[in-house]
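The values are calculated or read from the model by the stated rules, or taken from the named source; none is laboratory data. What you see is a predicted model; the values in this text were computed from it and never measured. Please note that ligands, DNA and RNA were not included when accessible areas were found on the heavy atoms of the full protein model with its side chains. Shrake-Rupley method; radii C 1.70, N 1.55, O 1.52, S 1.80 Å.
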Amino acid sequence: MSAANTVVENGGRVVLLDKSSFCGGNSTKATSGINGAGTKTQKAKGIPDNADIFTQDTLKGGAKKPELAKLLCVNSADDV
């Protein structure tokens, strides 16, 4: 979905197929937002969080590829 959106934003055309009866599939169930550490909101509220803490929590949650978990967590504030 993200890739299709990027193509459209840059003037391209896409055909989006979804196996679900509604666009978005299982991703539409994740409506509470995305996790992030060191976000502007956290900083404004004085919440002491950072990518290292988030990475450790992610690894405790069962991430199978530590290098990918770290990349996700390091970029999370900008992604949010």
Exercise. Taking a 1.4 Å probe, which of V80, V14 shows the most accessible area, and what order do the others take after it?
Worked result: V80, V14
Exercise. Length gain on complete extension for the stretch C23 to T6, per 0.36 nm per residue less the alpha carbon to alpha carbon distance?
Worked result: 4.5 nm
Problem set entry | Probe 1.4 Å - accessible area at I34, Å² to nearest ten | 110 Å²
Exercise. Per residue, how much accessible area does the chain have with a 1.4 Å probe, in Å²?
Worked result: 83 Å²
Problem set entry | the chain: proportion of alpha-carbon pairs further apart than 21 angstrom, % | 49 percent
Problem set entry | Proximal lysines to K65, defined as alpha-carbon separation beneath 25 angstrom and excluding residues fewer than eight positions away on the same chain | K29
Seminar exercise, completed: Per the helix-only model, the chain has a calculated mean residue ellipticity at 222 nm (DSSP H runs of ≥4, -39500 (n - 2.57) each, divided over all residues, rounded to the nearest 500) of -11500 deg cm²/dmol
Problem set entry | Accessible area of the chain belonging to carbon and sulfur atoms, whole % at 1.4 Å probe | 54 percent
Problem set entry | Angle in degrees between helix 51-60 and the longest Cα principal axis of the chain, rounded to the nearest 10 | 80 degrees
